[in-house]
Amino acid sequence: MANKLSHIDEHGKANMVDVGDKPIQKRTAKASGFISLNVETIKQIKENNLKKGDVLTVAEIAGIQAAKRTYELIPLCHTLLLSKVAVKCTLLDNGVRASSEVKCKGETGVEMEALTAVNVALLTVYDMCKAVDKHMVMSDIKLDSKTKE
């Protein structure tokens, strides 16, 4: 028998999972992703010459904001009191790697918040570079780890 989807009720309808009886635990999730950029775009980011400003810092801040608002974006996510959100965007020879770490003490995990942070950080890079790079591709967005203790 296959595992039952947690967000589906006995009638096959979507519902928000009741986590009220679960123990409060320290929860951590890490995610990462990549956006490919052309050489000229990388050079402009490195030299801070793009019209919209400091791409990496703005993308990191956007990722943090996104993690805090995940419950507004994903319909069945719970509202969580996050204790830590860290987003790091690293310029590489072929693009930008974004990584996130999200923590809370609660009844449910923070993997959606970590993934949302990475996605929005990469979307912000895309937005800030779209005038100079028409071939960007976001890829390899994944949950790297999640823990509870």
Point to revise | Cross-link table 52/88; 13/105; 46/148, entries beyond 26 Å C-alpha to C-alpha | key: 13/105; 46/148
Review point. Taking the simple approach of a point 7 Å from Cα along Cα-to-Cβ for both residue 47 and residue 81, what is their distance in nm?
Key: 4.9
Exercise for review: Quickly estimate the mean residue ellipticity at 222 nm for the chain, helices only: each DSSP H run with n ≥ 4 gives -39500 (n - 2.57), and the total goes over all residues, rounded to 500.
Suggested key: -9000 deg cm²/dmol
Practice item. Provide the gained length on full extension for the span residue 13 to residue 148, in nm with one decimal, where the gain is 0.36 nm per separating residue minus the Cα-Cα distance. Key: 45.7 nm
Check your understanding: Of the peptides 106-114, 91-99, 47-55, 68-76, how do they stack up when ordered by the mean number of other Cβ atoms within 10 Å, highest first?
Key -> 106-114, 91-99, 68-76, 47-55
Review point. For the chain, with only Lys/Arg (+1) and Asp/Glu (-1) charged at the beta-carbon, what is the dipole magnitude about the Cα centre, in debye rounded to 20?
Key: 240
Check your understanding: Roughly how many nanometres apart are two label points built 7 Å out from the Cα toward the Cβ at residue 40 and residue 135?
Key -> 1.1
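Values in this text are rule-based calculations from the coordinates and carry no lab data. Just so we're clear, the structure is a prediction, and the values are computed from it rather than from any experiment. Here Cβ is always computed from backbone atoms with ideal geometry, including for glycine, and neighbour counts include all displayed protein chains.
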